[in-house]
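Rule-based calculations on the coordinates, nothing more; no lab input. Note that the structure is predicted; figures quoted are calculated from it, not measured. Neighbour counts are summed over all protein chains in view; Cβ atoms, including those assigned to glycine, are modelled from backbone coordinates with ideal geometry.
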Amino acid sequence: MTAKITWDSSFETGISEVDAQHLRLVEIINSLVDAIGHADKNTLKGIVEQLKEYAQYHFRTEEKIMAESGYAGLAEHRDEHAMFVDQILLFDLDVILASEGLAWDMLHFLRGWLTNHILVVDKRFAVQLQA
Ligand code: FEA
């Protein structure tokens, strides 16, 4: 079974800027899947750094949209983003990427968090925004 995320309409929130950014996050995760076990440590590190930066940029975009629309769940949603960022910033990439097994563990964590967050938490906010 592939570890890649297959983008389909279930991921769509209907907010075009958010959907485009989610698609980019999925592409970065999928490029990590391709790279683990094949690329060198520096290449892997570059992809994870890209993911860290893009995720933070994306969270700022979403939080701005939520703030502008007066979304009541903003604080809770922002906390979820902050906890994820705290976790990924704590990753010791030199240790994790030195082991293929640990790299896959990290990938599974990232993939699980991202898909659950988009499909459940982001969609909750998108539905309210469009109500
Ligand atoms: Fe609430 Fe959007 O954030 N997607 N991700 N990850």
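The stretch 3-45 and the stretch 62-131 have their alpha-carbon centroids 13 Å apart. Computed log10 I(q)/I(0) for the chain at 0.15, 0.17 Å⁻¹: -0.71, -0.89, from the Debye equation with unit scatterers placed on every C-alpha and solvent omitted. Each Lys and Arg Cβ is given +1 and each Asp and Glu Cβ -1; about its Cα centre, the stretch 23-87 then shows a dipole of about 180 debye.
Along the positive direction of the dipole of the chain (beta-carbon charges: Lys, Arg +1; Asp, Glu -1; about the Cα centre), which of VAL26, LEU107, PHE11 reaches farthest? Going by the Cα projections, it comes out as PHE11.
For the stretch 15-130, a simple Cβ point-charge model (Lys and Arg +1, Asp and Glu -1, everything else neutral) yields a dipole of about 180 debye relative to the Cα centre. FRET efficiency for the pair GLU100 and TYR57, taken as 1/(1 + (r/R0)^6) with r the Cβ-Cβ distance and R0 = 25 Å, rounds to 0.30.
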